[in-house]
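Here's the structure, in C-alpha cells; my notes come after.
Values quoted throughout were computed directly from the atomic coordinates according to the rules given, and no laboratory measurement underlies them. Note that the structure is predicted; figures quoted are calculated from it, not measured. FYI the Cβ positions are ideal-geometry reconstructions off the backbone, even for glycines, and counts take in every protein chain you see.
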Amino acid sequence: MVDKILFKRKKIGIIGVGNMGQTILHGLLASEAIPVENVFIANRTPGKIKKIQEKFKVRSFDNNEELIDFCDVVIIAVKPQDFSGCIENIAGAFTDSKIVISLAAGITAQSIQNLLPAVTQIIRVMPSTPAKIGKGVIGYTLNHGAKNLDTFIESILSPLGYVIQTEEGELFEALTVSCSSGVGFVFEFMQYWQEWLEEHGFEENIARKMTVQTFLGAAMLADKDSVNSIEELQNKVVSKKGVTSSGLSSIREMEIERSLRYSFEKAVLRDRELGKQVN
C-alpha cells in the first residue's frame, strides 16, 4: 500500500499533452489531487507546451529524457500509432524505480515491458473525456510488478470519476470501447437528436440545450435510482400503445441494438490492431 500523503509528494510527468493528456492534466489539477508544483509536462510541439503552461500553470521540460529523470511517475499520453516510435527513443532514460502509466489503447503491459525492459511497475489506464469534469469512467490494469499500487493509482484517478480495475484482455477491451470510445458514440446520438429538433423548427442553441438536458436528465435519473434496472426505468416512461411505445417499436424493428453491437465489435478489432503494431 502507498500512503496517500506520500503519493501527493511524488512528481508526476506527462509525455504528450494532446486531448487525452490534457484530460488527465485538467482532471488532476481541477480536483487538487496532485499539487500543481508536482506536475510536469513534455511535448514534441513547443507551441503546444507554451499554451498548456499558460492555461494550467505547470512546469515543462525541453525533452522527454529530462522529464523522465526528474519524475517518479511518468504518464505516457501519446497516440497508440506513435507509441513505439516515442518510447524507442527514450527507453534508456527509464530505471526500475519509475512508475509508468500508459494511456495508449490496445498496447498491452507486456508490450510496454518489452519496450522498457528496466521498468517493472507498469499501469495501463483508459480514461474518458468526461474526466475533465470529474464524471469519467476510468479503467486501469496493473502488471505483476505494480500489484501493490492499486491504492496509489486510485488516489490519482478517483477525482476524475468512476474508477474500475480490470484484468487485461476482453474486459479491458470492453471498457475501452464502451466507456472511452463510448463517449463518441453517445455524442453521435446526441447529434441526431439535435438535428431532428432543428429540422422541426427549433433554433440551434435551443435544440442543443434540449438534447443535452434530455440525455443528462435520463442519466441522472438512472444514477439516483439504484433500485430499478434501466429497463424498469424505461418501462415507467412507456405507455401501452402510446407515443414512446410507437417510437421504440420502430427502433427495435430496425435492429438498432444489433447495429450498435456490431459497431462495438468493430471498435474492439481496431483496438487489437493497434496493439499488434507494437507486438
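Run lengths n ≥ 4 of DSSP H only: what is the helix-derived mean residue ellipticity at 222 nm for the chain, with -39500 (n - 2.57) per run over all residues, to the nearest 500? Write out the running numbers ahead of the final one.
Details: 13 runs with 146 residues, N = 279.
Result for the chain, helices only: -16000 deg cm²/dmol.
Determine the dipole magnitude for the chain: charges of +1 sit on the beta-carbon of Lys and Arg, -1 on that of Asp and Glu, nothing else is charged, the reference point is the Cα centre, and the result goes in debye to the nearest 20.
Working: 31 positive and 34 negative charges, 100 e Å.
Computed charge dipole of the chain: roughly 480 debye.
Extension gain residue 199-residue 32, at 0.36 nm per residue separation less the Cα-Cα distance, in nm?
Working it through step by step, the gained length comes to 55.8 nm.
Helix 182-199 sits at what angle to the longest principal axis of the chain, using alpha carbons and giving 0 to 90 degrees rounded to 10?
The helix 182-199 is inclined about 40 degrees to the chain.
Which lysines does residue 50 reach when only Cα atoms under 24 Å apart count, and residues fewer than 8 places away in its own chain are ignored?
In chain and number order, the partners are 10, 11, 79, 132.
Compare 214, 108, 166 in a GNM of the chain, Cα atoms joined below 10 Å, and give the one with the largest fluctuation.
Taking springs between Cα atoms under 10 Å, the residue moving most is 214.
Check which residues have an amide H placed less than 5 Å from residue 139's amide H, if you skip close sequence neighbours.
Correct list: 126, 164.
Evaluate the distance, in nm, between pseudo-label points positioned 7 Å from the Cα of residue 133 and of residue 216 along their respective Cα→Cβ axes.
0.6 nm
If the elastic network links every pair of Cα atoms under 10 Å, which of 63, 143, 43 fluctuates the most in the Gaussian network model of the chain?
Looking only at 63, 143, 43, the biggest GNM fluctuation is shown by 63.
Along the stretch 238-247, what does the Karplus equation 6.51 cos²θ - 1.76 cosθ + 1.60 (θ = phi - 60°) give for ³J(HN,Hα), rounded to whole Hz, x for Gly and Pro?
With coefficients 6.51, -1.76 and 1.60, one gets 9, 9, 4, 6, x, 5, 5, 4, 5, x Hz.
Given labels modelled 7 Å from the Cα in the Cβ direction, how far is it in nm from residue 257 to residue 110?
Label at residue 257, label at residue 110, 3.5 nm between them.
For residue 224, which aspartates and glutamates qualify as cross-link partners when the Cα separation must be under 17 Å and same-chain residues fewer than eight apart are set aside?
Within reach: 232.
Which one, [x] 46, 45, 34; [y] 67, 38, 30; [z] 67, 38, 35, gives Cα extents along the principal axes in Å as derived from the coordinates shown?
[z]
Helix 80-90 against the longest principal axis of the chain: what's the angle in degrees, Cα atoms only, rounded to the nearest 10?
The helix 80-90 is inclined about 10 degrees to the chain.
Roughly what would the spin-label model give for residue 269 and residue 82, points 7 Å off Cα along C-beta, in nm?
Here the modelled spin labels are 2.8 nm apart.
Quick one: what are the phi-derived ³J(HN,Hα) couplings along the stretch 55-72, Karplus 6.51/-1.76/1.60 with θ = phi - 60°, whole Hz, x for glycine and proline?
6, 10, 6, 9, 8, 10, 10, 5, 8, 5, 4, 5, 4, 4, 4, 8, 9, 7
Would you please classify the overall shape of the stretch 4-166 from the alpha carbon gyration tensor, given that a ≥ b ≥ c denote the square roots of the eigenvalues, rounded means a/c under 1.5, and beyond that prolate means a/b larger than b/c while oblate covers the rest?
Working: a/c = 1.34, a/b = 1.04, b/c = 1.28.
Verdict is rounded for the stretch 4-166.
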